[in-house]
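Novice: Below are the C-alpha cells for one structure; questions will follow.
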Amino acid sequence: MKKTGAQILVDALQKEKVEVVFGYPGAQVIPIFDVLYDLENLRAMMDEGHLLDRLRKKELFFNDLPRRRAMEELLKKTGAQILVDALQKEGVEVIFGYPGGQVIPIFDALYDVTIPRVILVRHEQAAAHAADGYARATGRVGVCLATSGPGATNLVTGIATAYMDSIPMVAFTGQVPTPVLGSDAFQEADIAGITRSITKHNFLVKSVEEFPLVLKQAFYIARSGRPGPVLVDIPADVSRASLDNYEYPETVSLRSYKPKLIGHILQIKKAAAAIAAAKKPVIYAGGGVILSGAHRELRALAEKINAPVTLTLMGLGGFPGDHPLFIGMPGMHGSRAANAALQETDLIISIGARFDDRVTGNVDHFAQSAKIIHMDIDPSAISKIIKVDIPVVGDAKQILGELIKFVASRSPDEWNKRIDSLTAGGIFTYKPSESKTDIKPQSVIEALYKLTEGKAIVATEVGQHQMWTAQYYKFDEPRTFLSSGGLGTMGFGLPGAMGAAMSHPGKEVVVVAGDGSIQMNIQELATISLNRIPVKIVILNNGWLGMVRQWQDLFYSRRRSATCLRRKPEICGECGGVNGCKRAYVPDFIALAASYEISAFRAENAGEVEQVLRAGLAVDGPALMEFMVIEDENVFPMVPAGKPLDAIMLEG
Ligand SMILES: Cc1ncc(C[n+]2csc(CCOP(=O)(O)OP(=O)(O)O)c2C)c(N)n1
Ligand SMILES: [Mg+2]
C-alpha cells in the first residue's frame, strides 16, 4: 500500500494516540494540513466523551472554522436529545410508550438510537404497568412515555399502582408548550396536579436549562429511599429548544430529601434485646425486604432465632416458600397458621411491611399481646396504623445485617411446636374435586408450580386467581411474584408480565389471569405478539368476576349483581347455569388469541390440565392457556373485611 509522506505522518500520529495537533499553515505544510483535514480518522480514535469534555473546557481548538462549528454543534442538544442522553446515562434499556402531538420531538430523537429500545404499547395504561413490571422483576427504574392530555391521564392508574407498592418508575409526559400552559389548549391536562397524591414527586419542566438536573433528580428520587414513581411533564417547546454546552450532572443533592439508610444502633440493640426476651416471636416481612434485597439477611435472622416467618403479598419470594419456618401469608386470605401466630405472639418483628388493613383485619383486635419492632425505611410508616414499641428507621438489608450480629440464637421450643401443629397437613389446603372432570382452580396453580419447577416469574391480575397463585405457587426467590397489592389493579398482570419479560430474565414469565381482569388490557396481546415477547398467559376462566361474586355469596345473600361474565339472557336464562351456555364464550379467548397470532390451548376438564400447560409452556414465544375451572369455588381461608383475624373462616 502506497502512502505519501503526509499520510505516513498522520498514520504515525494515530498510532501514537495523538488527540490533537496545534499548528499554523504555510506553503510547505499544506500537504500535511491537507491530510489532517480528514480528521475523522483521528477523531475516531478518541473517546468521544473525553473529546467533548475537552472541547467544553476549551482545551481543544480547531483552526478550521467549519470544523470548529461542527464540533461546537456536538455540545448542543435539544430537550428531546437531552432526554435520550439521560436515559442512556441512567442505564435505561427499554421504554414503553405511545406517541402523540406533544411528544413527537421525543419519539423523533428516540428514532436515532437503539438504546433504549422503544416498545409501542396499545394503551398508555399498559405502558405504565409494563414499566412497573420491568421494575418489579429487575429492581431497576421502569420508564414510560405518553403524550399530553388523554395520553397522560391514561397513565394514572398505572402510576397509582406503582405508588401503592413503592415501585421505582419514571413516567414522562408531553405537555402543551409553556406559552399556552393554563389556557385549556388542545390536549392540555394538569397531569402534575392530577398525579400529586400518587407520585413520590413530580416535575413540570419550565425550561431546557433546568431539564438535565430535573432528569437526574427524577431518577434519583424514584430509586432511592422508599422507591416510587416520579412524573416528569415536558412542554413541547422544552423538547424542541436547544441548550449550548449540555452536560448531564454526575451527582445530585436535594436539601429537603435525604433518605435515612443506616438504622440507629441503639434501636437495633433494643430490638435484639426484645428478641432475646420473647417467648413467641414471629417475623412479619413485606415488600421492603425485596426492594432492599434483604432476603439473605432475613433468612439468616429467621434461622438464627428459629422464628416462624409470615410474608405479606408484596413480600412473597423474600423468604423461600418451601422453608420449614415459612407459615404463609397473613391477613384476609392468609393461612390459619400465620393469622393464629400473629394473634398469639408476644413479639412481632416487622421488616419492610406496613400493617395494611388486608393484613391486620380489625386493628383494635390485632396482635394484642405483642410488642412490635418495626423496621422501615420510611419514617412516616412507623406507628401509622399500629402503635410500635421499637422503631428502627433505615434500609432493611443494613439493619438486618447489624441485628444478626447482636441477636442470640434461639432453639426450637414449645412455640415452634405450636406453629408446627398449625401448619401440619399443609399451609393451604383445598378439597379436591369430587368429579373426575371438574377443574379446581387451585389444582391449575399446583400443576403450574410443578411444571415450571417453581422457577417462573409469575405475574397476576386481581381476584380469586391472584389469591390462589399467592397461596399455591411457592415462591423461592425475590422478584418472582409480581402483583398489584396496594391498589389491587385489575389490568396490571398482562402488561406487567410483558415488562418483566422485556428484561430478559432467562426465566419463564407467566401471567395468571382471571377471565374478567385479562380483558382490562387485552389489547396488549398485539404488543406481545408483534414483538414476540415470550409471555405465557394462564386464564382461570370461571365465568365470573369471581372475587366480587364470592363477597356477594358470603355477605350479600347470594345476590349476584353485575358479576356474571357470560350472561346471555335470551338463550341462557340464569348466568352460565344452563347446558350449552357454558360454551357461549364471549370473548372466545382461543379465537381471540388466534387473531393476534398467538398460540392458544384450552382445558375443559381435569384430565387436560397438565397437557395444556405442557403444550403452552413448550411454545417458543408467547402462548395462551385457558382453563375452564369450576364456577363456585371460593378463596379460603377468609377473614371478613373489618373483622378481627380470629374471625377467620376456614371454609364456606
Ligand atoms: C380496575 C378494577 N376494577 C374493579 C376491581 C374490583 N374487583 C376486584 S376482584 C374483581 C373480579 C376479578 O374477576 P376475574 O379477573 O375474573 O378474577 P376471579 O376473581 O374470577 O379469579 C373485581 C371486579 C378491581 N380490583 N380493579
Ligand atoms: Mg373470573
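Novice: Can you pull out every residue in the range 82-96 that is closer than 13 Å to VAL232 by Cβ and not aliphatic (A, V, I, L, M)?
Specialist: GLU90
Novice: Here is a follow-up. Hey, which of the strands (runs of 3 or more DSSP E) in the range 264-358, taking only ones fully inside, have at least 1 residues that are without any contact (Cβ under 8 Å) to a residue 40 or more places away in the chain and buried (at least 24 other Cβ atoms within 10 Å of the Cβ)?
Specialist: Details: elements: 281-285, 309-311, 347-351.
Because the criterion is at least 1 residues that are without any contact (Cβ under 8 Å) to a residue 40 or more places away in the chain and buried (at least 24 other Cβ atoms within 10 Å of the Cβ), the strands (runs of 3 or more DSSP E) in the range 264-358 that meet it are 309-311.
Novice: Looking at ILE522, ILE518, which one is under 26 Å from SER595 (Cα atoms), out of contact with any strand residue (DSSP E or B) (no Cβ under 9 Å at 6 or more places or on another chain) and not hydroxyl-bearing (Ser, Thr, Tyr)?
Specialist: Values: ILE518 fails: out of contact with any strand residue (DSSP E or B) (no Cβ under 9 Å at 6 or more places or on another chain).
That would be ILE522, the only listed residue that is under 26 Å from SER595 (Cα atoms), out of contact with any strand residue (DSSP E or B) (no Cβ under 9 Å at 6 or more places or on another chain) and not hydroxyl-bearing (Ser, Thr, Tyr).
Novice: Scan the range 359-379 residue by residue and report those that are crowded, with 18+ Cβ neighbours inside 10 Å and either of a type in the set (Gly, Ala, Ser) or modelled with pLDDT under 95 (or both).
Specialist: GLY361, ALA367, ALA370
Novice: If you check every pair at least six apart or on different chains, which have Cβ atoms under 9 Å apart with a residue in the range 463-475 that is within 13 Å of SER443 (Cα to Cα) and away from ligand 2 (no atom under 13 Å from the Cβ) first and a residue that is among the aromatic types (Phe, Trp, Tyr) and assigned to a helix (DSSP H, G or I) second?
Specialist: Listed by first residue and then by second, the contacts come to TYR472/TYR449; TYR473/TYR449.
Novice: Shifting gears a bit: In the range 9-24, which residues are over 49 Å from the mean Cα position of the chain (by Cα), surrounded by 10 or more Cβ atoms within 10 Å (Cβ to Cβ) and of a type in the set (A, V, I, L, M, F, W, C)?
Specialist: LEU9, VAL10, ALA12, LEU13, VAL21 - these are the residues of the range 9-24 that are over 49 Å from the mean Cα position of the chain (by Cα), surrounded by 10 or more Cβ atoms within 10 Å (Cβ to Cβ) and of a type in the set (A, V, I, L, M, F, W, C).
Novice: When residues of the range 501-535 are filtered for being more than 21 Å from GLN471 (Cβ to Cβ) and assigned to a helix (DSSP H, G or I), how many remain?
Specialist: Counting residues in the range 501-535 that are more than 21 Å from GLN471 (Cβ to Cβ) and assigned to a helix (DSSP H, G or I) gives 10.
Novice: When ILE445 is evaluated against the numbered criteria (1) assigned by TED's automatic domain parsing to the domain that holds MET502; (2) touching a Leu at 6+ places or on another chain (Cβ under 8 Å), which criterion, by number, is the only one it fails?
Specialist: (2)
Novice: Also, quick follow-up: Within the set of pairs 6+ apart or on separate chains, which have a first residue in the range 399-427 that is surrounded by 15 or more Cβ atoms within 10 Å (Cβ to Cβ), a second that is polar (S, T, N, Q), and C-beta atoms under 7 Å apart?
Specialist: Here the result reads ARG410/ASN306; ASN416/ASN306; ILE427/SER335, each pair linking the range 399-427 to a residue that is polar (S, T, N, Q).
Novice: For the range 479-515, give me the residue count where each residue is surrounded by fewer than 24 Cβ atoms within 10 Å (Cβ to Cβ) and within 16 Å of ligand 2 (Cβ to nearest atom).
Specialist: Adding up the residues that qualify gives 2.
Novice: Now a separate question. Tell me which residues, restricted to the range 516-553, are buried (at least 20 other Cβ atoms within 10 Å of the Cβ), of a type in the set (A, V, I, L, M) and near ligand 1 (Cβ under 9 Å from one of its atoms).
Specialist: Once the filter is applied, which keeps residues that are buried (at least 20 other Cβ atoms within 10 Å of the Cβ), of a type in the set (A, V, I, L, M) and near ligand 1 (Cβ under 9 Å from one of its atoms), the range 516-553 yields ILE518, MET520, ILE539, LEU540, LEU545, MET547.
Novice: Then there's this: Give the residue that is nearest to ligand 1 (Cβ to nearest atom), with candidates limited to residues of the range 440-457 that are in contact with a Ser or Thr (Cβ under 7 Å, 6 or more places away or on another chain) and under 17 Å from VAL629 (Cβ atoms).
Specialist: This residue is ILE445.
Novice: Inspect all residues belonging to the range 536-548 and state whether any of them is in a loop (DSSP other than H, G, I, E, B), more than 8 Å from ligand 2 (Cβ to nearest atom) and either within 18 Å of the chain's Cα centre (by Cα) or of a type outside the set (S, T, N, Q) (or both).
Specialist: The first filter runs over the range 536-548 and keeps only residues in a loop (DSSP other than H, G, I, E, B), leaving 542-543, 545.
Next cut, more than 8 Å from ligand 2 (Cβ to nearest atom) only: none.
Within the range 536-548, none of the residues are in a loop (DSSP other than H, G, I, E, B), more than 8 Å from ligand 2 (Cβ to nearest atom) and either within 18 Å of the chain's Cα centre (by Cα) or of a type outside the set (S, T, N, Q) (or both).
Novice: Now a separate question. Anything in the range 554-583 that is at pLDDT below 65, assigned to a loop (DSSP other than H, G, I, E, B) and within 16 Å of ligand 1 (Cβ to nearest atom)? List them, or say none.
Specialist: Within the range 554-583, the subset at pLDDT below 65 is 568-574, 576-583.
Subsequent filtering for residues that are assigned to a loop (DSSP other than H, G, I, E, B) retains 568, 573-574, 576-580.
The answer is GLY576, and nothing else.
Novice: Among the residues of the range 389-396, are any assigned by TED's automatic domain parsing to the domain that holds ILE305 and farther than 25 Å from GLY287 by Cβ?
Specialist: Within the range 389-396, the subset assigned by TED's automatic domain parsing to the domain that holds ILE305 is 389-396.
With the extra rule that they be farther than 25 Å from GLY287 by Cβ, the set shrinks to none.
No, every residue in the range 389-396 fails to be assigned by TED's automatic domain parsing to the domain that holds ILE305 and farther than 25 Å from GLY287 by Cβ.
Novice: Only one residue in LYS77, LYS89 is closer than 19 Å to VAL230 by Cβ and of a type in the set (Lys, Arg), so which one is that? Before the answer, list the steps.
Specialist: Numbers: LYS77 fails: closer than 19 Å to VAL230 by Cβ.
Within the list LYS77, LYS89, the selection yields LYS89.
Novice: Scan the range 157-199 for residues that are β-branched (Val, Ile, Thr) and either farther than 20 Å from VAL103 by Cβ or over 15 Å from the mean Cα position of the chain (by Cα) (or both) and jot them down.
Specialist: Looking only at the range 157-199, we keep the residues that are β-branched (Val, Ile, Thr), and these are 157, 159, 161, 167, 170, 173, 176, 178, 180, 191, 194-195, 198-199.
If the condition is that a residue be β-branched (Val, Ile, Thr) and either farther than 20 Å from VAL103 by Cβ or over 15 Å from the mean Cα position of the chain (by Cα) (or both), then THR161, ILE167, THR173, VAL176, THR178, VAL180, ILE191, ILE194, THR195, ILE198 are the ones that fit.
Novice: I've got another one for you. What pairs come out if I take residues in the range 75-94 that are within 12 Å of PHE211 (Cβ to Cβ) and pair them with residues that are among the acidic types (Asp, Glu) and surrounded by 18 or more Cβ atoms within 10 Å (Cβ to Cβ) whose C-beta lies under 9 Å away, six or more apart or interchain?
Specialist: LYS77/ASP85; GLY79/ASP237
Novice: Restricting the search to the range 452-462, which residues are within 16 Å of ligand 2 (Cβ to nearest atom) and among the acidic types (Asp, Glu)?
Specialist: Within the range 452-462, GLU461 is the sole residue that qualifies.
Novice: Across the range 440-462, which residue is farthest from GLY546 (Cα to Cα) among those that are buried (at least 19 other Cβ atoms within 10 Å of the Cβ) and either free of Cβ contacts under 8 Å to residues at least 24 places away in the same chain or polar (S, T, N, Q) (or both)?
Specialist: Result: SER443.
The values are calculated or read from the model by the stated rules, or taken from the named source; none is laboratory data. Keep in mind that what you see is a predicted model, and the values were worked out from it rather than measured. In this analysis, Cβ positions are derived from the backbone assuming ideal geometry, glycine residues included, and neighbour counts consider all displayed protein chains.
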